[in-house]
Structures are given as structure tokens and as C-alpha cells.
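Here's the structure, in C-alpha cells; my notes come after.
The values are calculated or read from the model by the stated rules, or taken from the named source; none is laboratory data. Owing to the predicted nature of the structure, the values given are computational and were not obtained by experimental measurement. A quick note on method: Cβ atoms are made from the backbone with ideal geometry, for glycine too, and the neighbour counts reach across all protein chains shown.
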Amino acid sequence: MPIDDLQQAAQKIAELLSNMNKLGGFRLKYRISAGDPQEEDTAALNVELAGPDTPLLTQHNGELLRAFETIAAQVLRLDQREQSQISFDAGNFKALREAELKMAAETAAAKVIESGVPFAFPPMNSRERRVLHMVLREIEGVETASNGEGRDRFLAVYPEGKTHLPVAAQAKPRFGGGGGGDRGGRGGRDGRSGRR
């Protein structure tokens, strides 16, 4: 279902971003434009973010950028299947990510064709899985399938005709370097293990 009133939807997104700047302390500028209705697979509304806090949006594989997009979709009361109606970008992140995904898809296909062993990507959102599907669809000798549920959904690449082979998703990338939630290390107050 398309967004009925683009102007009203753009105004709601502008209000949301203004409040996020004010209340969240962000320093972001934004430009909202309508997508090309003639072009297939384009968003009805595109939001380009810029400013000193752009790096915050794009780090951790664009996690905060996608969060902004999700919040905007909820403000517009879009169904999960309709979230592609809006697209947020910052610093050309999505185009760069798409190029990265295309290279990864081509590399995975070559590996699968050479080895005959399926390859699984880590879990990713539906837009990124779709990019992979589209690239791999053009490569002879491989087939793709999405596996898993929800946030754990991932794409697997199989040798042609062998989608029955077992495959498990790669682990989700961990952000922020090493270490878990225990900032002080293990053990005692000074970080050494042992008795106090």
C-alpha cells in the first residue's frame, strides 16, 4: 500500500527528525524528497541526512540509520512489508553498502561453484538480502534461499540444484572490538582472577 499523502508524510518525518535533533542532541541536517514513481523498487520518500553526526548513523553497519528509518515507518504507521516506502541514507552509505554486498555475492558464488559447498551470509535485513538475491540470480551455477526467522534470517548460496544441503548462518558480527559486558575483566576488583 503506497503512502497516500507524500507531503503530509514528509512533514511528519521532518517533525520527527527535528525532535530527534532537539531531544537526542543530534547535529543532523536533512533533506526529504519524493522518489521516482516510474522507477520500480524505489522508495516513495527519500531522506538524506548530513552534518557532524553523520558518522554515528553509519557506524556498526548503519545500525542507527536503519533505526531512524524504522522509527519513521512506525510514525507513518507503515506495515513491516511497506517499510521500503521510505529510505534514509547518510554519506552515500547505502550505495557503498550495495557495492560491498555485490562484491561479497560474487565472491561467495565463485567459492560455491569451485568447492560445491553452500555458503551462508550472516543475518541481515530484507533489503540487503534482496540485493544479494538479485546479484546471485544473474550468476549461473548457483541458487539462493533465505533461511531462519526474524532478525536471524540469512541468505544462503547453494550449488545449482542442491538447495537440500545443510547450511548454518555465520555468526552476527560483534561491534566494539573484543570483550563482553564485563568491563572490569574477570575476578577481583583489580581485574586479576582469584580470591579477595
### Summary
Condition set closer than 15 Å to Ala9 by Cα and touching a helix residue (DSSP H, G or I) at 6+ places or on another chain (Cβ under 6 Å), scope segment 49-77, selection surrounded by the most Cβ atoms within 10 Å (Cβ to Cβ): answer is Ala72
### Message
Can you find a residue that is outside any helix (DSSP H, G or I), acidic (Asp, Glu) and not assigned by TED's automatic domain parsing to the domain that holds Leu136 anywhere in segment 66-81?
### Response
yes
### Task
Please tell me if Phe88 is within 26 Å of Leu45 (Cα to Cα), without any contact (Cβ under 8 Å) to a residue 60 or more places away in the chain and among the aromatic types (Phe, Trp, Tyr).
yes
### Query
Within segment 43-57, is even one residue of a type outside the set (S, T, N, Q) and more than 19 Å from Arg31 (Cα to Cα)?
no
### Query
Based on what the data block shows, is Glu128 within 21 Å of Leu64 (Cα to Cα), part of a helix (DSSP H, G or I), in the same structural domain as Leu101 (by TED's automatic domain parsing) and at pLDDT 85 or above?
yes
### Message
Against the condition part of a loop (DSSP other than H, G, I, E, B), among the aliphatic types (A, V, I, L, M), assigned by TED's automatic domain parsing to the domain that holds Glu100 and at pLDDT 50 or above, how does Val117 come out, does it pass?
### Response
yes
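Residues checked against (1) without any contact (Cβ under 8 Å) to a residue 60 or more places away in the chain; (2) more than 30 Å from His164 (Cα to Cα); (3) surrounded by 15 or more Cβ atoms within 10 Å (Cβ to Cβ):
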| residue | (1), (2), (3) |
| --- | --- |
| Lys29 | yes, yes, no |
| Val47 | yes, yes, yes |
| Gln83 | yes, yes, yes |
| Ala104 | yes, no, yes |
| Ser115 | yes, no, no |
